[in-house]
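The structure appears right after this line, and notes come after that.
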Amino acid sequence: MPFTDPEREYLLNQPLGRLATLGPDGGPQVRPVLFELNLTTGTIDIGGWDMAATQKFRNVRTRRQVSFIVDDVVSTDPYLERGVEIRGRAQPVPGHGPLYDGCSADIIRVHPCRIVAWGLDCTTPVTLTARDVLRTR
């Protein structure tokens, strides 16, 4: 499992993230997405409605490099934010099965290569950690 205990706990309790893919012209495309931390594979699995018909699904078929971020603001006084960014390689997985009711059976699976986390301990100053993940694929 590439995620630390605090990262796992945070990701398991968040409903929404943002996935950045590279479009046909090489430009970035960022979309809000439903996701699930897959504890078996150590990946982020991204689902949605009619996923195989989306630009992000087409993008990861040709350019696998992605960034995925989940973050939130804990407090505005004092200002405390926290989050996890996962940079990695995406894999389109047709016919996986829906992550949630109403979602299509196709998903995007993100294999982490680098994980950056900040503020997960909800203290100031915000602590930031960054590390590369050894890929097994």
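None of the figures in this text is laboratory data; all of them are computed from the coordinates on show. On a predicted model such as this, the values are computed, not experimentally measured, just so you know. Cβ: placed from backbone, ideal geometry, glycine included. Neighbour counts: every protein chain shown.
Here the simple spin-label model places points 7 Å from the Cα toward Cβ, and for residue 8 and residue 122 these points are separated by 2.0 nm. For residue 81, nonlocal amide neighbours, meaning residues 5 or more places apart or on other chains whose placed amide H falls under 5 Å from its own, are 74.
If I take R0 = 25 Å and measure r between the Cβ atoms of residue 129 and residue 72 in this structure, what FRET efficiency does the formula 1/(1 + (r/R0)^6) give, to the nearest 0.05? So, using R0 = 25 Å, E works out to roughly 0.90. Relative contact order of the chain: 22 percent, from C-alpha pairs under 8 Å at least 6 residues apart in sequence. Over the residues of the chain, the helix contribution to mean residue ellipticity at 222 nm works out to -3000 deg cm²/dmol, using -39500 (n - 2.57) for each DSSP H run of at least 4. Here the 3J(HN,Hα) profile of segment 78-92, calculated from phi with Karplus coefficients 6.51, -1.76 and 1.60 at θ = phi - 60°, is x, 6, 10, 10, 8, x, 9, 10, 10, 9, x, 10, 9, 10, x Hz, Gly and Pro shown as x. Checking (i) 0.98; (ii) 0.95; (iii) 1.13 against Rg/Rh (Cα atoms, Kirkwood Rh) calculated from these atoms, the matching label is (i).
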